[in-house]
Amino acid sequence: MPILAWISGAAVAGSIISIAIAALFALSAPASWVPALVSFAIGALLGAVFLEILPHAIGTAGSLQPVFATVLGGILGFFVLEKLVLWRHCHVEDCEAHDHHADPNDHGRSGLMIIIGDAFHNFVDGILIAAAFLQSTELGVVTAAAIIAHEIPQEIGDFVILLHSGYSKTAALALNLLSSLAMLVGALLAYFTLQAAQGWISTVLALAAASMIYVAVADLIPGLHRRPELRATAQQVVLIALGVGLIWIVGDLVRHA
């Protein structure tokens, strides 16, 4: 299958699958299932980074130092970016007592702001998918699987925010689908750009690793600490391990396909 078909298919599948599952959960599934998805997503993200993305980035780079320097710079950059987003939403009110991921109505963000932010996020995810497939089909499939895994809990949150912002269920679904098109746009743009600049692929992969590490460690893991009891912790560890296992299995299957 041509690489462009793989990239386009992965971007479209990633959008449709994550939104379909998110809509199903937001409209009918128990809210108690969401933490399980978050734990699983953490494992998938970290598994993709350390089992697939970083090894491939290192393999295509001339030396190790630029790769790890890019990862470090990316993590710091995402920290600053998130601070700017928080300041944008909080500078007119006291937000210190609130977790910006915990409450659907946090900081008074409107549904429109959520859609704009989600579209940008999907655009970046599309770039990461294209860069991964340009390196190898195996890495592309694993990266797409990890992106889908972490998109699902985020899309559930976005869906709930839209409903709480006054949008109907149909409008919320339509807006989420519209924002998801940005993933395909980002993937296609990256394909045609990176084709002419192969030397940038290791840098983009390193930034992808930084993005996934930051999302897992800074955004998702702190939420798990709100359930410190032994049973919940054991469940979280098992689900994280299952997420890592999924990435390992997918990568192994693609390698031997």
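Summary table below
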item: When segment 1-68 is reduced to its Cα atoms, the Kirkwood hydrodynamic radius in Å; result: 14.9 Å
item: Peptides ranked, highest mean first, by Cβ atoms within 10 Å: ranges 169-179, 221-231, 201-211, 237-247; result: 201-211, 237-247, 169-179, 221-231
item: Ordering of 57-64, 187-194, 143-150, 120-127 by burial proxy (mean other Cβ atoms within 10 Å per residue, highest first); result: 143-150, 120-127, 187-194, 57-64
item: Ranked by how many other beta carbons lie within 10 Å on average, peptides 212-220, 72-80 from highest; result: 212-220, 72-80
item: Computed magnitude of the charge dipole of segment 128-257 (debye, nearest 20; Cβ of K, R +1, Cβ of D, E -1); result: 180 debye
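All of the numbers you see were taken from the coordinates with simple rules; none came from a lab. Bear in mind the structure is a predicted one, so any value in this text is a computation, not a measurement. Glycine also receives a Cβ, built like all others from the backbone with ideal geometry; neighbour counts cover every protein chain displayed.
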